[in-house]
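Each reported figure results from applying straightforward, stated rules to the coordinates on display, with no laboratory input. Remember, it's a predicted structure, so these values are computed and weren't measured experimentally. Backbone-built Cβ (ideal geometry, glycine too); neighbour counts: all protein chains shown.
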Amino acid sequence: MPACSDCALYTKKTGTEGECSINGPVPADRDAGRCPSRTFRPRG
């Protein structure tokens, strides 16, 4: 399953955390299926 770090809206801050442009701070390894706003968009 893809993770937050695989999302186009994710910006890496540290090795384990980053920031989602919609949801704010998020863990890099959170499953995309657990995205609070259901806005996961694969990079690419």
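Before moving on, here are some points about what is shown:
- Residue satisfying all of: in the range 5-31; touching a helix residue (DSSP H, G or I) at 6+ places or on another chain (Cβ under 7 Å) and among the hydrophobic types (A, V, I, L, M, F, W, C); surrounded by the fewest Cβ atoms within 10 Å (Cβ to Cβ) among these: 28
- Search result, residues across the range 1-41 that are touching a Cys at 6+ places or on another chain (Cβ under 9 Å), assigned to a loop (DSSP other than H, G, I, E, B) and of a type outside the set (A, V, I, L, M, F, W, C): 23, 29, 30, 36, 37, 39, 41
- Considering residues of the range 12-37 that are charged (D, E, K, R) and without any contact (Cβ under 8 Å) to a residue 24 or more places away in the chain only, the residue nearest to residue 2 (Cα to Cα): 34
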